[in-house]
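> I'd like to ask some things about the structure below.
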Amino acid sequence: MALSFCGNDGNDSYNVDKGVLNNGCFVDALNLVPHVFLLFITFPILFIGWGSQSSKVQIHHNTWLHFPGHNMRWILTFTLLFVHVCEIAEGIVSNQTMKSPHLHLFMPAFIGFIAATTSVVYYHNIETANFPKLLLALFIYWVLAFITKTIKLWKFVESEKGPQHLRFCITAMLVILYGLLMAVEVNVIRVRKYVFFASPQKVKPPEDLQDLGVRFLQPFVNLLSKATYWWMNPLIMGAHKRPIELKKIGKLPIAMRALTNYLRLKDAYEEQRHVEDREKAPSIWKSMYRAFGRPILLSSTFRYLADLLGFAGPLCISGIVSNLEKRNETAVAAAATNVDNTTSSGVYFMESTELLENTPVLAVLLFLALVLQRTFLQASYYVTIETGINLRGALLAMIYNKILRLSTSNMSMGEMTLGQINNLVAIETNQLMWFLFLCPNLWAMPVQIIMGVILLYYLLRESALIGAAVIVLLAPIQYLIATKLADTQKSTLDYSTERLKKTTEILKGIKLLKLYAWENIFCDSVEDSRGKELTSLRTFAFYTSMSIFMNAAIPIAAVLATFVTHAYLNEERLSPSKAFASLALFHILVTPLFLLSTVVRFAVKALVSVQKLGEFLQSDEIGDDSWRNGDMSVSLESCKKPTGVTNRKRPRYQLDSYGYEQPSRRQPRPAETEDVAIKVSSGFFTWGNNLSTLSDINISIPTGQLTMIVGQVGCGKSSLLLAMLGEMQTNRGGVYWSKLPECEMFLEGITSGFETDSSLEDDRSKNRYSVAYAAQKSWLLNATVEENITFGSPFNKQRYKAVIDACSLQPDIDLLPFGDQTEIGERGINLSGGQRQRICVARALYQNTNIVFLDDPFSALDIHLSDHLMQEGILKFLQDDKRTVVLVTHKLQYLIHADWIIAMKDGSVLREGTLKDIQNNDVQLYEHWKTLMNRQDQELEKDTELESQTTLERKTLRRAFYSREAKNQVDDEDEEEEEEEDEDDNMSTTTSRRSKIPWKVCWRYLSSGGFFMVFMMVFSKLLKHSVMVAIDYWLAYWTSANRSNGSSFNSTSNFSTDSNFTTYSNFTEDGDSYNEHQSYYVWVFSILCGSGIVLCLITSLTVEFLGLSAATNLHHNLLNKIIHAPLRFFDVTPLGQILNRFSADTNIIDQHIPPTLESLTRSTLLCLSAIGVIAFVTPAFLIAMLPITVGFYFIQKYFRVASKDLQDLDDSTQLPLLCHFSETAEGLTTIRAFRHEARFKQRMLELTDTNNTAYLFLSAANRWLEVRTDYLGAWIVLAAAVAAILTTGTKSGLVGLGLTYALTVTNYLNWVVRNLADLEVQMAAVKKVNSFLSIESENYEGSMDVSQVPDDWPQQGEIKIQDLCVRYDPSLKPVLKHVSAYINPGQKVGICGRTGSGKSSLSLAFFNLVDVYHGKIVIDGIDICKLPLQTLRSRLSIILQDPVLFSGSIRFNLDPERTCTDDRLWEALEIAQLKNMVKALPGGLDGVVTEGGENFSVGQRQLFCLARAFVRKSSILIMDEATASIDMATENILQKVVMTAFADRTVVTIAHLVASILEAEQVLVFTTGILVECDSAANLLAQQDSIFSELVRTHK
């Protein structure tokens, strides 16, 4: 039949006798005009204008701009497109009923669809180019379209068509939409004045977009890009080529920055204060609602829309299936009624309800509903996540601000501990953020559940209520399991902390454990803790699997209950359409019910968090004393720049202009005399417990002089400094700071928070009210040494060098791997106390302030350094600068240098004046000081003999790095990966490497779980999913059989075409035979459901316990490998790296991998089984599946790589933020003394924003993925529906089955990718653990059997060293070269030499701890290299230089093997001079030793180590610089003890001080690994030119 626009049914098709507009076809043709006009106008502009422009220059995002009504226009255009689709569908369906094709019924609609699409593309391009004049074309289009559609509507009204006709409704909708779009266009003209006005308005893009650093574009892109996260494409796809770095994700838009949100929250918080009762604490909930309520409401709206659209799925399935059932009958009926609806215009008018009975239309509607539902859902998620992140940023800023104002007494009295503050930052803020993520569920879920139950009732009547009841009754069990899980997790955490503590101790003392052959005893102790942890983990695994089981089993139970009761209660037989619609509804219902328990739990946690936050925000703040903000307070805003002072540099910290409050300034008060810097008059100060710590203080600190504060320990010296700094609460009196000259006072306001211009005169830039303060307890930042010293001041090389020399820091800096650019602090390198203290003093000296407070700077320094610091630093550097110095000290020998002395006693001032005043007025005090000074002088003499403490500290530091030099500081774990694969690093290989799934590692993980468990998991999973398919298939079978028996014969014969249903074609229409089979169906269905539920339980248990078994084996192997690794391994591997394997990585393997693995296998199998079922029902579907699979492959490939990078960025930016908080809390007094609050706030805001940026990008990437997989899911549903419609003869039951499965795919596709990405990240932990499992262990066996070694070996203690060559590693140079020596039994031998000469290496060679590659050591006739290591090491004794004690009892430390009697232990303690001290301890031998032996002094610890060597009665004792940390007196006692208690044993002493081996019977002198001298000490001393004589001379 020929195609024609108006059709050729009759003669009146082109008839215009009644007027042109009365011919419907011509009216439709008229409607084409505006569309054609738009296409002709816009195409040239789009293709010529923008084509050439984009080729020349890439339009950067800073030109993006939204015209007024931007979102409204996009929404209206999308609605317009949807209405056009309906119009096309209506036209096509109507056309089918006509005798000849009428193109005018759908062709204008089709062209309209193209025009609407073009309009939005055109608009987008104009908007990005900010060229509004071209919008005129659109305005003309909307006007024309509005006019032509109105004419059409008017003609419909004339011919008495009304809302009951679909075409009338569609036309009316179009008129409204075109009218609204016209109004939007008029609004743009009104606002922008680009036409019809003389002066068009100039508009700039938003401030954020002018800053090229902002890369998070979600708020600025158009609506379509917002909904699909299209703007993320370059980032996610680019991640493939090179990893995403912090630089790439840029800065946050201003509206999302922590500062902006902090101000919003703070305003809301403070508002309540003014309105209500001043005393009452403002409500945080209210503040949160006021600051962030609007986006939450928006998100909830999106959520409701998504939930309502979610029900379109089941309803469309029901419609499609029932339409297919009726397909044959309706075809005939429809033809008969054709003619009734035609009218004068000669075309068919469809009823409004008729379209929904058309199957293809329903399929398209289902597709659109799914796409819309998913878009709304993801939009809802995104808005809540963004709001949650904004809230967290605001809360962090609020907490930080409070920390900076916390009263010192709160911290020191333990009311507010560091732990609590860290918890607030790390836990409570995150709890609130998560609550915000989930809170729309609180009100959306009940609505969803109620709607679902109503729809089920509509489909299945009473039996639906029974199914719903099953779900509702079982939901509380879910809640119970969830709470149990949380409890078990807590107990697991306690056990793992205990295990980690033990592991850390082992790793720190590994050298001692190996030398004493105790590694197995300690290994068992860790295994014991691990056993407890595993028991707890088992419970955890059980509850997790129960939770997974309930998730899977409840829907099966509900479906079983519903359909079985329906079979027995209802007379009406169940149709496939109802069965599968209700099945889909059950799937929808289950999700909210499970999530509800989680949401309720989070809500409870959020309530607790808010309570804790409220308490914290209400805690005491530092006092606002009169001198802090008196009437004359200088605030930053009111401070105008004084004339003549130029501040060329732009202030670096501009916090105050944003209103982030500046701490109030100290108020200068006029003092009596100008030469007094600080005056305290009748001051009574307290730490907040109403008892005055300091009472009746009247002192003056002279300007530009050195004031010393002295007194006994605990008399209030440090408190006095803090009182002057305003850290204590003032009960009476006050502190007055002298007034500055006017100009300087102004300057103080400028410089306090900012960097000063170095060109200002020197004395002016000394910022008087900022006090350089070095606290008694040293406090370092996590930063480089240089940053710690400059502390935010401008860098001045000359000054910096002078300070470093004054504090003798240069030798220490030289030892650090990167000099003064080395990171120190909590996460950096551990420095000793003295080194830390000197850096703090250097910080105080470097600051350009008038006043310097030094609180006991000499406490951790030895005498040489103290002298140097006093002379160079304090007397020279500070005094030359005429700075006012207040020094608290115990070193009375420095009093002679003091210009002014304040002597304190019991919290009050005893005397004040110069040394001469005190000598004249208080002779008794002066004499007391003199005796103390003499005592200190004697100590000084003794100190010079000893190797100074500093040298020891430097030695320790050198050792820490010496061992790593061999590895060239390569402790980067990823290095191993590089070596495993090819070295060629071109683009393609890195790309493929980054996108590869680590199958090898996955297999290693699974095989550690045991092959039986892996087989069980795979088998039960496959079986379970087969049964699940069988259940639904049986339902299709059953319901289709119902139809075949219940309806007329033609449908029965129809069914016999499918082999699966042939058995039922023999049934008669007699109802009885159906009832006989009813119970048969029910029974099979019940058995299948029952077995499905059982299999759900088995699979959930097997996965969890497979994970547990893998975790057990991996940890066990790791511990054994590490403990038995050679000592060299611990030298080259940083301790932190090994500990990470036992902490973070073990935790991931224990708790995170099993659930991810379970979720991944479940969602993958669900998707595969669904696709299999659809392909089985309609094989044509496989054709459509091909492009979908390709799309899915690329989406997951790109996403996994980007997700991993963003996850790493999120993790790596979180740690500095948490550290900054704890660091600030620790150094509060220092920060406030320096007046650096603004700088620290700025830093906190930067760190928060960086972390929030990473987190936002990560969540946007998740949305990017979910939107795409959801759209793919929608295409799968559409393909399945279209395939079912096109395939004739498919049973309606099977179609229902296929479509229900297609719907589930949408839910699970994105989980496949997300879980895959998570698993990939988590498998990195397995990979790291595995890399340690390949270490070679020490050879514990030896070539001799234990039975061949005499029990009392070594009896004599005779040692022969024959041509011995030793190295630490086959790849390193030898440390001992061809050494030969003979030591007689019972001889006392001394070994000496300069640092690095190989002394200690020899001591390790005795224990076979180093690689002896040539020669041998023979002890009592046995070559030690042939002995089993355990035997060798357990028969010798050694005392190391570094004393190592383990937590436990004294008995455990002396004899962990429990083989000795108490008498023997007491005897050993007596020899070591410890008996009386131990007796005095509670518990005696069972007295407690804390971690690292911290409850004993270093000297006492060393004595314990001696006692430990005496307990093991070996005939050979090796002392490796064992007396290094003991004072002279104790050392002398020791030497005597060794000579008497070990008179008959061989003692080898490795000496750091030659004086300790002058009595030795034989001395071995080493130089660079070669034995150069060997004789008795006396003989060697007699030779003037011997190296030994030289060593003795230089050391004395």
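The values are calculated or read from the model by the stated rules, or taken from the named source; none is laboratory data. What you see is a predicted model; the values in this text were computed from it and never measured. Please note: Cβ atoms are built from the backbone with ideal geometry, for glycine as well, and neighbour counts cover all protein chains shown. SASA here: full protein model, heavy atoms, side chains in, ligands and nucleic acids out. Shrake-Rupley method; radii C 1.70, N 1.55, O 1.52, S 1.80 Å.
> Could you name the lysines whose alpha carbon sits less than 16 Å from that of residue 149, not counting residues in the same chain fewer than 8 places away?
Once the sequence-local lysines are set aside, what remains near residue 149 is 161.
> Please turn the phi angles of segment 1427-1433 into ³J(HN,Hα) values with the Karplus equation 6.51 cos²θ - 1.76 cosθ + 1.60 (θ = phi - 60°), one per residue in order, whole Hz, x for glycine and proline.
6, x, 4, 4, 5, 4, 6
> Let me ask you something else. Tell me the relative contact order for segment 1540-1596 as a rounded percent, counting alpha carbon contacts under 8 Å between residues six or more apart.
Value for segment 1540-1596: 26 percent.
> Enumerate the amide H contacts of residue 1514 below 5 Å, restricted to partners 5 or more residues apart or on another chain; note that Pro and chain-start residues carry no placed amide H.
none
> Let me see the P(r) profile for segment 1182-1234: every Cα-Cα distance counted, bins of 5 Å, each bin given as a percent of all pairs.
4, 16, 12, 10, 9, 9, 8, 7, 6, 5, 5, 4, 3, 2, 1
> Quick one: with all protein chains in place, what share of the accessible area of segment 1384-1541 is carbon or sulfur, to the nearest percent (1.4 Å probe)? Please report the intermediate quantities before stating the final value.
Values: 2900 of 5700 Å².
Of the solvent-accessible surface of segment 1384-1541, carbon and sulfur hold 51 percent.
> Each residue of segment 702-708 in order: what ³J(HN,Hα) in whole Hz does its phi give by Karplus 6.51 cos²θ - 1.76 cosθ + 1.60, θ = phi - 60°, with x for Gly and Pro?
After applying 6.51 cos²θ - 1.76 cosθ + 1.60, I find x, 5, x, 10, 9, 9, 10 Hz.
> Round to the nearest 0.05 the FRET efficiency obtained for residue 603 and residue 1345 when R0 = 60 Å and r is the Cβ-Cβ distance. Present the calculation step by step, with values, prior to reporting the outcome.
Details: r = 68 Å, r/R0 = 1.13.
For R0 = 60 Å, the calculated efficiency reads 0.35.
> Tell me the relative contact order for segment 1251-1309 as a rounded percent, counting alpha carbon contacts under 8 Å between residues six or more apart. List each step's numbers first, then the result.
On the way: 26 pairs, mean separation 27.7, N = 59.
47 percent.
> Mind giving me the nanometre distance, one decimal, between the label points for residue 1476 and residue 1180, set 7 Å out from Cα along Cα→Cβ?
For the pair residue 1476/residue 1180, the computed spacing is 10.3 nm.
> Ignoring ligands, DNA and RNA, how do 18, 202, 717 rank by accessible area with a 1.4 Å probe, largest first? All intermediate terms of the calculation are to be shown ahead of the outcome.
Details: 18 160, 202 185, 717 15 Å².
I get 202, 18, 717, largest accessible area first.
> Averaged per residue, what accessible surface does segment 506-633 expose to a 1.4 Å probe, in Å²?
Numbers: 4700 Å² over 128 residues.
Here the residues of segment 506-633 average 37 Å² of exposed surface.
> Going highest first, how would you order 552-560, 495-503 by mean Cβ packing within 10 Å?
Highest to lowest by the protection proxy: 552-560, 495-503.
> Please list the non-local residues whose amide H lies under 5 Å from the amide H of residue 1438, H modeled 1.01 Å from N, same-chain partners needing a gap of 5 or more.
Correct list: 1518.
> Grab the Cα-Cα distance for residue 1086 and residue 136, subtract it from 0.36 nm times how many residues apart they are, and report the gain in nm with one decimal. Walk me through the intermediate numbers first.
Values: separation 950, 0.36 × 950 = 342.00 nm, distance 6.78 nm.
That pair, residue 1086 and residue 136, stretches by 335.2 nm at full extension.
> Let me ask something else about it. Residues of segment 563-581 with the amide nitrogen closer than 17 Å to a label point 7 Å from the Cα of residue 465, along Cα-to-Cβ, please.
Label zone hits: 563-571.
> Among 382-390, 1193-1201, how do they line up from the highest to the lowest mean number of other beta-carbon atoms within 10 Å?
Working: 382-390: 23.9, 1193-1201: 19.8.
Result, highest mean first: 382-390, 1193-1201.
> Right, something else. Separation between the residue 1132 and residue 224 pseudo-spin-labels, each 7 Å from Cα along Cα→Cβ, expressed in nm?
5.9
> Which whole-number percentage describes the relative contact order of segment 828-896, with Cα contacts under 8 Å and a sequence gap of 6 or more? Please list the in-between numbers first.
On the way: 47 pairs, mean separation 27.4, N = 69.
Dividing the mean separation by the residue count of segment 828-896 yields 40 percent.
> I've got another one for you. Return the subset of 882/905; 801/876; 501/1513; 490/1021; 251/996; 514/1121 for which the Cα-Cα distance in this structure is over 20 Å, preserving the input order. Each step should come with its number before you reach the end.
Working: 882/905 29 Å; 801/876 14 Å; 501/1513 31 Å; 490/1021 30 Å; 251/996 30 Å; 514/1121 14 Å.
In this structure, 882/905; 501/1513; 490/1021; 251/996 exceed 20 Å between Cα atoms.
> A follow-up question, please. Sort 924-933, 599-608, 1278-1287 by packing, meaning the average of other beta carbons within 10 Å per residue, with the highest value first. Provide the component values of the computation, followed by the final result.
Numbers: 924-933: 13.3, 599-608: 16.3, 1278-1287: 21.5.
Per-residue mean Cβ counts within 10 Å order the peptides as 1278-1287, 599-608, 924-933.
> What is the set of long-range amide H partners of residue 216 at a cut-off below 5 Å, with H atoms built 1.01 Å from backbone N?
Residues meeting the amide H criterion: 251.
> Now, a different point. Using the alpha carbons of segment 1222-1326, what is the convex hull volume per residue in cubic angstrom, as a whole number?
Working: hull volume 14.9 nm³, N = 105.
Spelled out: Cα convex hull of segment 1222-1326, divided by residues, is 142 Å³.
> Separate question: Please give the length that would be gained between residue 997 and residue 1139 if that part of the chain were fully extended, namely 0.36 nm times their separation in residues minus their C-alpha to C-alpha distance (nm, one decimal).
Working: separation 142, 0.36 × 142 = 51.12 nm, distance 2.66 nm.
So the extension gain works out to 48.5 nm.
> Tabulate in residue order the Karplus-calculated ³J(HN,Hα) for segment 617-622, using 6.51 cos²θ - 1.76 cosθ + 1.60 with θ = phi - 60°, rounded to whole Hz; enter x for Gly and Pro.
Once θ is set to phi - 60°, the couplings for segment 617-622 become 5, 8, 6, 4, 10, 5 Hz.
> So, one more: How much of the accessible area of segment 384-484, in percent, comes from carbon and sulfur atoms when a 1.4 Å probe is used? Intermediate results must be reported in sequence, preceding the final value.
Details: 2600 of 3630 Å².
Roughly 72 percent of what the probe reaches on segment 384-484 is carbon or sulfur.
> Follow-up. Given a 1.4 Å probe and every protein chain left where it sits, what share in percent of the accessible area of segment 1202-1340 is carbon and sulfur? Each step should come with its number before you reach the end.
Numbers: 1950 of 3660 Å².
Ligands and nucleic acids excluded, carbon and sulfur give 53 percent.
> How much length is gained if the chain between residue 1362 and residue 572 is pulled fully straight, taking 0.36 nm per residue apart and subtracting their Cα-Cα distance, in nm to one decimal? It would help to have the intermediate numbers written out before the result.
On the way: separation 790, 0.36 × 790 = 284.40 nm, distance 10.19 nm.
Answer, rounded to one decimal: 274.2 nm.
> Just to be sure I understand the model, the point goes 7 Å from the Cα along the line to the Cβ. What's the resulting residue 867 to residue 1418 distance in nm?
5.3
> Going by Cα centres, segment 1090-1132 and segment 519-571 are how many Å apart?
Their Cα centres are 18 Å away from one another.
> Using the heavy atoms of the protein chains and a 1.4 angstrom probe, tell me the accessible area per residue for segment 81-175 in square angstrom.
Values: 3610 Å² over 95 residues.
About 38 Å² of surface per residue is accessible.
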